[in-house]
1. Mind checking which of SER86, SER246, SER72 has the largest fluctuation in a GNM of the chain, springs on alpha carbons under 10 Å?
2. List the residues of segment 98-129 whose backbone N lies under 17 Å from a point placed 7 Å from the Cα of LYS27 along the Cα-to-Cβ direction.
3. What's the exposure ranking of VAL151, VAL25, VAL215, VAL192, going from fewest to most Cβ atoms within 10 Å?
4. Between SER242, SER46, SER120, which gets the highest mean-square fluctuation from a Gaussian network model of the chain, Cα cutoff 10 Å?
5. With helices defined as uninterrupted DSSP H runs, which ones in the chain have an alpha carbon span along their own long axis of at least 20 Å and mean Kyte-Doolittle hydropathy of at least -0.5?
6. For LYS199, list the aspartates and glutamates whose Cα falls under 18 Å from its own Cα; do not include residues on the same chain fewer than 8 positions away.
7. Can you tell which of THR231, THR135, THR189 shows the greatest fluctuation in a Gaussian network model of the chain with Cα springs below 10 Å?
8. Give me the one-decimal nm value for the distance between modelled label points at GLU57 and ALA34, 7 Å along each residue's Cα-to-Cβ direction.
Amino acid sequence: MKHILTFILIQIFLTTYGQLSIKEVDKSLAKINANLYASKYEVSNSQYLAFIHSLMEANLDEKLAIAQIDSSMWLDESGSNKPFVSYYHTHPAFKDYPVLNIRHDAAMLFCEWLTNEYNSNPKRKFRKVNFRLPTEKEWMIAARGGNNTAVYPWQRNGLKDKKGHYMCNFARSVDDLKEVSGLNSSSITSPVKSFLPNKYGMYNMSGNVAEMLNVSNIVKGGSWLDSPELTKIANKQSYDGSPKNSVGFRYFVEIIDK
């Protein structure tokens, strides 16, 4: 019954906002070097639900079990996040927010699925590619945007721009949040296209959600729940590969045949 309800919700969501577009995937890619690209954005709820929907339609129950979103991870002692259990991953208002609460192997499964979807689409830009999670070195190169000494993805060495606005989404005090507005203020995650991109055109390389790598024991970038120190490019966090409401991912793309 749980799967049937989920399927209905996803059908409604995708009917409203459409299936995954390979054209949009191509447009989302930022060039890192001649054979490596990366998504400008963290993988969104709408992209991930297209993946879930595909597994459901193909009756791939074993893969679906791996890919499931654990919305209960939103629950905390205060109960303030309880509404997100029901709405964050399926309500249209959150379609462009980063997907969370999935396992590390679910992110790898998404990349495997997207590789197959892309390589079989006649309208693709590249002949053959491999979507995957990045190595730590690749992630850091992408985050630095061509500046090998960068502390953060942006040019300044602090967390604020010249006008005093924060450059990313991380854990702040209630009083601190009152001082800023719009994309500079969030009590949870921000949409995947928030704040300013780095020199490669990539958004939220620091803050918002900590991002998975090709290994399951660390994440990079810090998140909306983390301290400012963890938003520095060089820093990393331990990770056990389980669903968390502060961890998401973005895909990198290895070009095999142009």
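Where a number appears in this text, it was derived from the coordinates with a stated rule and is not lab data. The shown structure was predicted, so the numbers you read here are calculated from the model rather than taken from an experiment. Reconstructed Cβ throughout: ideal geometry from the backbone, glycine too, with neighbour counts over all protein chains shown.
1. Residue with maximal mean-square fluctuation among SER86, SER246, SER72: SER86.
2. Counting backbone N atoms under 17 Å from the label point, the list is 123-126.
3. On the way: VAL151 17, VAL25 21, VAL215 13, VAL192 26.
Sorted ascending by nearby Cβ count, the order is VAL215, VAL151, VAL25, VAL192.
4. Of SER242, SER46, SER120, the most mobile in the Gaussian network model is SER120.
5. Helices meeting the criterion: 2-17, 104-119.
6. Excluding near neighbours in sequence, the set is GLU42, GLU138, ASP161.
7. Comparing THR231, THR135, THR189 in the GNM, the peak value goes to THR135.
8. Computed distance between label sites GLU57 and ALA34 equals 3.8 nm.
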